[in-house]
Amino acid sequence: MAEIQFSRGITEEAIPDVRLTRSKDGTNGTATFIFDKPKALEAENTDSITGMYMIDEEGELISREVKAKFINGQPAALEALYIMKSVEDWDRFMRFMDRYAESNGLGFTKS
């Protein structure tokens, strides 16, 4: 089981668009997550967004780089950035994403 949370204990149901970049030597990379109309931004949700928590059986990956996008003054999306600074970080992130993709029926397209 793998899940993403923005507030501890509350699983985000919106499935993100994820874009990955990696340096040519493979030593670092970034993952950009875009959640369109996430549950975390719904009006009835009163919990604070404290970061993006990617949780699976190995543990937790955390990013504090989370921004809300607004359209006409209404919250419309969340964008989160996860930075990987080593090959080990990249490998751990990819294991999480494999589990998350399997849990949510996602696919991977290489560009």
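The values are calculated or read from the model by the stated rules, or taken from the named source; none is laboratory data. Everything numeric here is computed off the predicted structure, so don't read it as measured data. When the accessible area is computed, the model is the full protein with side chains, heavy atoms only, and any ligands, DNA or RNA have been set aside. Shrake-Rupley method; radii C 1.70, N 1.55, O 1.52, S 1.80 Å.
Compute the length gained on full extension between Asn72 and Asp17: take 0.36 nm times their separation in residues and subtract their Cα-Cα distance, giving the result in nm to one decimal.
Gain on stretching Asn72 to Asp17: 17.6 nm.
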Next on the checklist: I'd like to check one number: the per residue accessible area of the chain, probe 1.4 Å, reported in Å² as a whole number.
Outcome noted: 63
Checklist entry - Most fluctuating residue of Ala43, Ala77, Ala101 in a GNM of the chain with Cα springs under 10 Å: which is it? => result Ala43
Checklist entry - How big is the accessible area of Lys67 in square angstrom, nearest 10, if you roll a 1.4 angstrom probe over the protein chains? => result 120
Checklist outcome for this item: Tilt, helix 87-104 to longest principal axis of the chain (alpha-carbon atoms), in degrees rounded to tens, equals 50
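Would you check the chain for Lys pairs whose C-alpha atoms are within less than 25 Å, ignoring same-chain pairs closer than 8 in sequence, and give me the count? Don't skip to the end; give the middle numbers.
Working: Lys24/Lys85; Lys24/Lys110; Lys37/Lys67; Lys37/Lys69; Lys39/Lys67; Lys39/Lys69; Lys67/Lys85; Lys85/Lys110.
The result is 8.
Relative contact order of the chain: what whole-number percent is it, with Cα pairs under 8 angstrom and at least 6 residues apart?
On the way: 194 pairs, mean separation 32.3, N = 111.
That works out to 29 percent.
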Checklist entry - What are the residues whose amide H is under 5 Å from the amide H of Ala76, where those residues sit 5 or more places off or on another chain and H is modelled from the backbone? => result Lys69, Phe70, Ile71
